[in-house]
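Every read-out reported here was derived from the displayed coordinates using simple, explicitly stated rules and does not represent laboratory data. Every value quoted in this text rests on a predicted model; they were computed, and no experiment measured them. Here the Cβ is made from the backbone with ideal geometry for all residues, glycine too, and neighbour counts use every protein chain on show.
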Amino acid sequence: MIKIFHVNERYYFDEFIVLSKGHYINLLPMKIKTLFFIGLSALWFSSHTFSYPRNDIPVQEPSVDFLNLKDGDQVSNPFKVIFKANGMRTEPAGEFKEGSGHHHLLINQSYIEKGITIPADSNHLHFGKAQTETELNLNAGVYTLTLQFADGYHRSYGKTLSKSIQIEVK
């Protein structure tokens, strides 16, 4: 409420509550304190709500995985192998595109070091058309299958984009 009052022969225009003649409460300092508190609260809230990246949410690194097989599985011929890339786009081979690539299935082979071109032979199967599954027929025995992701030029992304499991073919 805006009041005009007279104190010591001067007129003051401000926001006051007049309690009685000569007694009043100045609301301005209370408003400043309230606005200060609201401002600090808004600043704290926005810094904890809208900060990126959030500390409590881990950033997921790109990875590859077998969707239908796990380490130690026993399978019978023919068996299907389904691949998955997390955090990367699966695209056909032929050109380099940042954040993309295609799958390779290595049979009884370890991962390929980053930047090395993956060979093409019976132990290094290429899926350069961006396929995400295949069907295998292997002789009975224990096998190590390594899923390896590589760029459009078949250059390996290394250990971080590979996964090995051991299976038994009956």
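Some points to look at:
- Virtual spin-label span in nm between Ile107 and Leu43, 7 Å along Cα→Cβ: 6.6 nm
- Compactness of segment 63-169 - radius of gyration and Dmax, Cα, Å: 12.9, 40
- Pairs from Lys70/Lys97; Lys84/Lys114; Lys129/Lys170 whose Cα-Cα separation, in the structure shown, is over 27 Å: Lys70/Lys97; Lys129/Lys170
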